[in-house]
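The values are calculated or read from the model by the stated rules, or taken from the named source; none is laboratory data. Computed from a predicted structure; not experimentally measured. Here the Cβ is made from the backbone with ideal geometry for all residues, glycine too, and neighbour counts use every protein chain on show. Ligands, DNA and RNA are excluded from the accessible area calculation, which covers all protein heavy atoms including side chains. Shrake-Rupley method; radii C 1.70, N 1.55, O 1.52, S 1.80 Å.
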Amino acid sequence: MDGMAATVTPPRGMRDFLPAEKARREHALGVIRGVYSSHGFDEIETPVMEDASRLHAGLGGDNEKLAFAVMKRGITPDDLTAAATSGDALSLADLGLRYDLTVPLARFYATHRAALPPVFRSIQIAPVWRAERPQKGRYRQFVQCDIDIIGEAGPLAELELLTATVATLDALGLGGCTIRLNDRRVLQGILGSWGVAEELRERALITIDKLDKIGTGGVAAELRDLGIVDDGADVAAELEALTTADWHLYDGVVPPPTWLDRDAYADLLALRQTMPHAKIEFDPTLVRGMGYYTGTIFEIAHPDFGYSLGGGGRYDGMIGRFLGQDVPACGFSIGFERIVDLLAVRDEGRPRSVVLVYDPAVEPATLLKLKHELVASGTRVRFERRVKNARALFERVTADGFDAVANVTLETTDAASLAFRDLTA
């Protein structure tokens, strides 16, 4: 083969994980699973693919445009011609990779409802795929950590989700977070006060969801360019006023703003009062981009980081799409990829990890006997053949998380005779 070999890398937007990175991820996942489980949630698993029609049912907002399609088997040249003529590339696909875990959960519940309790609390921790433009912190394959409660129509669902999420972040060493609350009914009231037509409101919310990225002026300009609001409307000024809203908009005496949905605001106040030890803010500009949210929506952020660590909300209408009858549902997703790089693997609870450096003349049976003794005592063991550059070997295994090293020679008879050197000193 002429020339140099091409660089071998993962597909763009996807990653390999070296042992130390994988250990950090598994540590975090173990903490998350443990706390969620202690709050009464049960883990399930769904397929990585769903029917294309389900993934493009108008529930996923802009994420539907980012779904990876899986082509049908046995596609003919006539099929390709028909798709090109119609401009409907999705006609060639019958499946797609999931872009989130909520749509698969709704399908799962509709499939297995008879085998599930009246109020079902689920955990889903799994990869999802979106055809994003790869950039720092944005990947085409990433892990989501979801908890959902299906069948509970009252505020207990939101309270359980928020409590479990705060406890999880505390356990990960990310305490002191702030919860931002809003309700889709509040957003509908705001759009109504601007005179936005019903059929344009979901598109308007997609634009408002960009507020953190393009600012009030950018949002107002895009809404005007799309013909959603009149050129004369001072949407930028109204958005600026909304960003300063707090918990004193309506006290029963002072008239509330015309856009404020009183019932929704009362529900949000009740959630705040039931969690007095949490820092909870009212943010009427919070959207959450998915089109399936119907009521309460929330995000959680840490004071040290300028981005959300997770979010969710109530999506009472989704399961009815599959089941034929509405079932109340609410969920929360932790942004795993955002938090995992903030964490270090903790030493507590981790088994002792040792490396046995052996002479080539040592019999495999002897090595296996030593390993059996050490593993039986709860120790993690790796074999390494003796090399000339011992320092490089020790640096490598230390980076891999090993604590100690011992030499194995022809004179070594059992684990008790090993002399370990501490690699962490």
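Quick rundown of the values:
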| read-out | value |
| --- | --- |
| Spin-label model distance (nm) - A399 vs D170, 7 Å beyond Cα toward Cβ | 3.8 nm |
| Inter-centroid distance (Cα atoms) of the stretch 352-405 relative to the stretch 248-313, Å | 54 Å |
| GNM result for the chain, Cα springs below 10 Å: residue of D209, D234, D183 fluctuating most strongly | D234 |
| Within the chain, helix-based [θ] at 222 nm, where runs of 4 or more DSSP H residues each add -39,500 (n - 2.57), nearest 500 | -10500 deg cm²/dmol |
| With every protein chain in place, the chain: carbon and sulfur % of accessible area (1.4 Å) | 52 percent |
| GNM top mover of P127, P276, P360 - the chain, alpha-carbon springs below 10 Å | P360 |
| Listed residues M49, M318, M71, most fluctuating in the chain (Gaussian network, C-alpha, under 10 Å) | M71 |
| Length added when fully stretched, D230-S86, from 0.36 nm per residue minus Cα-Cα | 48.4 nm |
| The stretch 196-202 - phi-based ³J(HN,Hα) in whole Hz, Karplus 6.51/-1.76/1.60, Gly and Pro as x | 6, 5, 3, 6, 9, 6, 5 |
| Residues M14 and D422, FRET efficiency given R0 of 51 Å [Cβ-Cβ distance, rounded to 0.05] | 0.85 |
| Accessible area in square angstrom per residue, the chain, 1.4 angstrom probe | 52 Å² |
| Förster radius 35 Å - calculated FRET efficiency between K136 and T379 (Cβ-Cβ, nearest 0.05) | 0.35 |
| Most to least packed among 145-155, 99-109, 235-245 [average Cβ atoms within 10 Å] | 99-109, 145-155, 235-245 |
| Gained length - A392 relative to A270, 0.36 nm times residue gap less alpha-carbon distance | 37.9 nm |
| Estimated FRET transfer efficiency (D94, E363; beta-carbon r; R0 51 Å; 0.05) | 0.35 |
